[in-house]
Amino acid sequence: MNQKDKTAAGLLGIFLGALGIHKFYLGYTKEGVIMLVVSLATCGIGATVMEIIGIIEGIMYLTKSDEEFQATYVDSYKGWF
């Protein structure tokens, strides 16, 4: 059973969400690459949208219980929100 720390995932989403680092941390490579490419390919314009998504997801991770976070984002697959 793979364990991921919800605090680490939440803080990565809040502070580095535009680069999709929280997605890579959770093992969601496809979603992480999408966020990274959008941020870089738009010369930072899309990074604003990606950062907002990262902040929302980071807050969602932090507000879930440890068991709920584990069941939703680690044991099953929920790539977005």
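Computed from the coordinates by the stated procedures, all read-outs in this text should not be read as laboratory data. Only a predicted model underlies this, so the values are computations on that prediction, with no experimental measurement involved.
Compute the angle between helix 29-41 and the longest alpha-carbon principal axis of the chain, please, reported from 0 to 90 degrees and rounded to the nearest 10.
Taking Cα atoms only, the helix is inclined about 20 degrees.
Show that you can apply the helix-only estimate: for the chain, add -39,500 (n - 2.57) for every DSSP H stretch of four or more residues, divide by all residues, and state [θ] at 222 nm to the nearest 500.
Details: 5 runs with 53 residues, N = 81.
My calculation for the chain gives -19500 deg cm²/dmol from helical runs alone.
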